[in-house]
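The structure appears right after this line, and notes come after that.
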Amino acid sequence: MIELVIEDAGEQMRSAVDYTRREFSSVRTGRASSSLLERLTVEAYGVEMRILELASFGVPEARLLVVTPHDAANLNAIERAIVNSNMGLTPSNDGRVIRLTFPPLTEERRRDLSRVVGAMGEDGKQRVNAVRRAARKDLDQLESEGGVSEDDIQRAEAQLDALKNSHVAMIDQAQTNKQQELMEV
C-alpha cells in the first residue's frame, strides 16, 4: 500500500510540474509562438470553441505568427477573439489568414512578466506541496489502521520528501529558464 501512495503522489506531482510548464509557455516572450493562443476560445457556429479546433498556426519569422482558419467564415470571429484577449497583439488579415506581429517587449513589461512567471512557479510549488500533504495524510491513515510499521512510514515519508524536493527543483529550473528567456533582448 505504501508503494501505491508514493507512486500516486509521484504521478500527481509530475502532472503539477507539466501544468506549470504549460502555464509558463502561455507567457509572451517577444517571440512568436502558437502556445500563446492555444487556450483562447472563439465563438463559432453558435458555440465556444478552442482556437486550435478552428485554425492552424505557422511561424514564418521569429516575430510573426500566421493563423490560418480551416473555414474562412470564422476569420472575423478569430480576429475578434484575439483582439479581446488583451495580449497586446493587433491582428491583420488579408481575407484568408490572420497575421500577428509581436512587437519587442519593453524592459518594464519584461520585469512584469517575470513577476507573473514567479507567481506561476509559486502556484506550481503549492500544487506539489498539496500532493505531498495528501500523501502524508494517506500514510498516517495507513499507520493508524495498523499493519504497517512506524519505520516503514518514516522511510516512506523520507521518499515522499525527496520526491517533492525533486519536483520543486524541476519547477524552479523551468521558472529560471523562462525568466532568462524573458529578459533576453
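Treating only the Cβ atoms of Lys and Arg (+1) and Asp and Glu (-1) as charged, compute the dipole magnitude of region 34-101 about its Cα centre; round to the nearest 20 debye.
Details: 6 positive and 8 negative charges, 34 e Å.
For this selection, approximately 160 debye.
Output the Kirkwood hydrodynamic radius of region 34-101, Cα pairs only, in Å rounded to one decimal.
11.8
Over region 10-75, what relative contact order in percent results from Cα pairs under 8 Å that are six or more residues apart? If you can, show how the numbers build up before the last one.
Working: 64 pairs, mean separation 15.4, N = 66.
Relative contact order of region 10-75: 23 percent.
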Derived scalar couplings ³J(HN,Hα) [region 110-123; Karplus, 6.51 cos²θ - 1.76 cosθ + 1.60; whole Hz; x for Gly, Pro]: 4, 5, 4, 5, 5, 5, 4, 4, x, 5, 5, x, 4, 4
Under the Karplus curve 6.51 cos²θ - 1.76 cosθ + 1.60, θ = phi - 60°, whole-Hz ³J(HN,Hα) for region 14-26, x wherever Gly or Pro sits: 4, 5, 5, 5, 4, 4, 5, 4, 5, 4, 4, 5, 7
Prolate/oblate/rounded label for region 28-185 (Cα gyration tensor, a/c 1.5): prolate
Extreme residue, positive dipole direction of region 1-95, given options Gly10, Ala81, Ala32 (C-beta unit charges): Ala32
Gain in span if fully extended, Glu184 to Arg99, counting 0.36 nm per residue against the direct Cα distance: 28.2 nm
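Multiply the residue separation of Asn165 and Thr68 by 0.36 nm, subtract the distance between their alpha-carbon atoms, and state the gained length in nm to one decimal. Before the final figure, lay out the partial values.
Values: separation 97, 0.36 × 97 = 34.92 nm, distance 4.28 nm.
My answer for the length gained is 30.6 nm.
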For Ala55, residues with placed amide H under 5 Å, excluding near neighbours: His70
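Rule-based calculations on the coordinates, nothing more; no lab input. Remember, predicted model here, so these are calculated numbers, not experimental data. Reconstructed Cβ throughout: ideal geometry from the backbone, glycine too, with neighbour counts over all protein chains shown.
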